[in-house]
Structures are given as structure tokens and as C-alpha cells.
Amino acid sequence: MSARPYDIVIGLEVHVQLATRTKAFCACPTAFGEPENTQVCPVCLGMPGSLPVMNKRVVEMAVALGLATGCAINRESVFARKNYFYPDLPKGYQISQYDRPLCEHGKLPVVVGDTLREFGITRIHIEEDAGKSMHGGGGSLIDYNRTGVPLLEVVSEPDFRDVEEVTAYLKTMRRLVRRLGISDGNMEEGSLRCDANVSVRPTPADPFGTRTELKNINSFRFIARAIEYEAARQWDALEHGEAIVQETRLYDAEKGRTYSMRGKEEAHDYRYFPDPDLLPLIVEDDLIEVQRAALPELPWHTHKRFVEKLGLSAYDAAVLTGDDALADYFEAVLKCDVPAKLAANWVSSELLGALKQRDLDLESSPIPPARLAGLVALIASDKITGRIAKDVLSRMFESDKSAEDIVAELGVTQIADESEIEKVVDEVIAESPMQVEQYRAGKQQVFAYFVGQVMKKTRGQANPKITQALLKKRLEG
Ligand SMILES: [Zn+2]
């Protein structure tokens, strides 16, 4: 935990934009980046007399997320009108769910560091998005393409105490919605948006303080910074005897600070009431069972399987399951029948490191899983040393030859013949009388020097275990 003199309490509201082809209550398309106001109709513009019709796909996706997070699915939920005036909300209200949401009382399992934790989910409800205002150029323009695009709002319990937990939760949520195929989870395009409720208190034993709400933060980095800034601001105010005002604040990424946007609305400010145009939403058991049967392996299940079945450390499993593409790549390597721990190491540290050096990501990697598996197999069968393997990996970036071919070309097969290594060991000892004396006088560090010399003479081909054993025998015997 942190060493700060106060305790932070954070609750999150995550808005997930659903990847449906059409909007929540009309047949308009939802494609991103189309020309302004080309994907609208009387329903999503809220023209008088137009009637919304629930998109069944939205309900299926909401149920999938609810089941994945262990929520109770309410067989009957109700759409409400959330009334407020805003230029990008032409109807003057947003269709949402209020006191009877579709999903409640769930939890999201999240690996924080190397521990699996669970964060409470209060509710998941369906709502529609508003339009987008664009200011500048001497006026304001409004694009209504986004009005009526379906969202799920996932409200967490105030279970977070630091930004590491918040970031891990959001990343897990993004992986989950992607794996369920219900959203692309793209923060830059606004498919995943986060509001954070933040308060501070002197110690974890104190009651919650007054909270402020940070609105619409669109990157993991900014969320962490905004929360840290806001908590420090609140603590500073309290220390100066000022009260915290419950309000909505925005984060200015350029200045790295939060500022007040408006006083916090209470639910009664929105005058919620059931939408008279929409009947209560009835979810049949069949729909739930179909969604339950279709659930894929969830991110935390993959983590558990990597630890329990493959014997990876919790940390390695967390790295490999931190990204779906990486987990898939690793599993494809394993399919080639190589040892899991060795493969995990070569995927998560060596391959990723080599890609990073070349400014590439996994998707643009020129080394498909089977080719990397070929390299891992050579190490596993003691044909080459780990040190040689790094060279081979580097050459694999320059040609599409197999690891085996590269090793044959270079003539760098590992030397595991004891008598051959013994000759080199004797040479090295004979050439280093000073180091031998130092070692025998108790300077253990010199041992690495001998290993290094043997490796140098064999161009890294000597089996390290045999080399060390022989050196020990000669030096100590
Ligand atoms: Zn429409």
C-alpha cells in the first residue's frame, strides 16, 4: 500500500459502447467516423410521435456481461427517462434504467500485481448515448450520429483504494468486453469511458468522506493521474479546514489538474420516471441460457489455468493474460509441444523485448508462434544454450528461416560433450593463475569470470551446467 497520509476511496462507472450494427431503439447504423448527421432518424432524434423499439442484440450483450461478472439477471427490468437539457440530447431526456436495472450484485475478478482480487459490481444497466458537440471555428456544431448508440453502464462498489487497482480493473473490463465480443473497448474512440467517484479519509477506519465525480476520462494514464491529483487536492483542502463540495469535475490533461464543471446532480434532479413508450423489459430464461452456454473462457479463468495447469507463476500468468493477443500467441506456441515455463519466458520476456527494441507489436511480429516454438524446442532439448538462442532470435527477425536452419548455418549447436568442455576449462584455468588464486582465497565472484572465459572460447556453445560443474571440480578439487 501507499505511504500517503490518507486513504483514498474510489468507485467507478464504466460506460461500454456495444458493438451492435444498429442503435439501441432504432435501425440506424452505428459505424464510427461517418459524416456528421448521416446516421439519424426520427426515433434517435426524438421527433414527436416516433416510437423506440428495443434492439434484442443489446439485451443479449448486457446479459452476457452480467453473467460473466456473476450478476443476478433481473427477469423484469424497466426503462426510465433521465431528464436533462443538453444540446446534444435533442429529446431532452436519455433512455436509461434507474431503480430496476437489468443486472445487479456481481463482481469482477482482477489480477492486481500477482494476487487475484474481486471488486464488487453494484449494477449493470442499458442506456443510450447522446450526440457530440463540437466547438470552435466561430460556432458550435452538433453531430447526432451517436445519439441512441447502445451503452452498458457498469457501476462498481467503492472498492478501490489506489490507482493500481483502478487500472487493473479497467484493463480487465476491457479484455472481458472484447473477449465477449460485445465491444471493441477502444478508449480513444470512446467505446470505453470512465467516471470516477473519489473521496479521501484519514484512515481506513474512518467513514467515507464527501466525494467528487471525475467525468469522462479517456485513457488509463489520465485516469490514474486525475485520481491522484483529485485525492491530493481534497486532502489539502481538508487540512486547510475547507469542506469538500460534492460536485462534478473535469480533468485537464494538459495542465494535469481537475476543475469544477458543475454541482453534482442528485437522482431527483433528473426526475426519473418509467419511459411510457417502452414496456418493461422481460428477459426469458431461454435467452439467459443461450448466453450462458456461449460464454468463452473468461480472462481470470485463463489466468487460473495458466497457474494451475501449466505451473506458471502468478506473475508470469498475469503478464501473458494481460492481453488477449499475447495469450493467444502463447497458447499457439504451446500447441507445438514445448515446455510451458520455458515458452512463457521466451514469449513474455525475450520475444516481447525483441519486438519492443524494433518498435513492433505482437500483431506485426514477423515471427509466428510455430517458428518461435522451433527455437524454444532447441533450447529445451539442450541443442543450443540460452545465450545462443538470443542471437538466433535476433536473426529470425532478419529472415524467415527456421531456428533450426539458422543454428545449422551458424554451426552453434551446444557442446554437451564433457571431455570437449573439459579441455577448454583446463585451458582457461592454466591461463588465469591470478584469478585461480583469488578464487581459492575465497573471492567467489571470480567464478563468473571463468564461466565467461569458457563461453568466449566456445562462442557461447558450452553447456552452462556442465561448464559450471567442471569448473567447480577443477577449482575446488
Ligand atoms: Zn435512428
*So how many Lys-Lys pairs in segment 7-150 land under 17 Å Cα to Cα, not counting same-chain pairs under 8 apart?*
5
_Probe radius 1.4 Å, ligands and nucleic acids ignored: give me the carbon and sulfur share of the accessible area of segment 141-252 as a rounded percent._
49 percent
_Leaving out ligands, DNA and RNA, and with a 1.4 Å probe, what % of the accessible surface on segment 18-114 is carbon or sulfur?_
54 percent
*asked:* Suppose every Lys and Arg Cβ carries +1 and every Asp and Glu Cβ carries -1, with no other charges. What dipole size does segment 193-318 come out with about its Cα centre, to the nearest 20 debye?
replied: 560 debye
*Of 346, 235, which has the most accessible area with a 1.4 Å probe, and how do the rest follow in descending order?*
235, 346
_Candidate aspartates and glutamates for bridging to residue 304, where Cα separation is under 20 Å - those fewer than 8 sequence places away on the same chain excluded_ = 114, 118, 165, 316, 323, 324, 328, 331
*With DNA, RNA and ligands ignored, accessible area of residue 304 (1.4 Å probe; Å², nearest 10)*: 110 Å²
*So what are the three principal axis dimensions of segment 355-477 from its Cα atoms, in whole Å, longest to shortest?*
53, 29, 20
*Using a 1.4 Å probe, what is the accessible area per residue for the chain, in Å²?*
49 Å²
*asked:* Which lysines, if any, have their Cα less than 25 Å from the Cα of residue 443, not counting same-chain residues under 8 positions apart?
replied: 423, 456, 457, 465, 472, 473
*Only loop residues by DSSP count here, and only those with at most 14 other Cβ atoms within 10 Å; note down the chymotrypsin sites (Phe, Trp or Tyr not before Pro) in segment 1-65 that meet that.*
32
*Would you mind pulling out the separation of the Cα centroids of segment 282-352 and segment 153-208, in Å?*
22 Å
*Are there cysteines in the chain with no second cysteine's Cβ under 4.7 Å away, and if so, which?*
26, 28, 41, 44, 194, 336
*Could you give the alpha-carbon Rg of segment 46-184 over 2.2 N^0.38 Å, rounded to two decimals?*
1.20
_Given the C-alpha atoms of the chain, compute the convex hull and give its volume per residue in Å³._
221 Å³
*Straight distance only, please: which aspartates and glutamates reach the Cα of residue 383 with their own Cα at less than 16 Å, same-chain residues fewer than 8 apart left out?*
391, 404, 405, 409, 417, 418, 420
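The values are calculated or read from the model by the stated rules, or taken from the named source; none is laboratory data. Note that this is a predicted model, so its numbers are computed, not measured. Neighbour counts are summed over all protein chains in view; Cβ atoms, including those assigned to glycine, are modelled from backbone coordinates with ideal geometry. Only protein heavy atoms, including side chains, enter the accessible area calculation; ligands, DNA and RNA are left aside. Shrake-Rupley method; radii C 1.70, N 1.55, O 1.52, S 1.80 Å.
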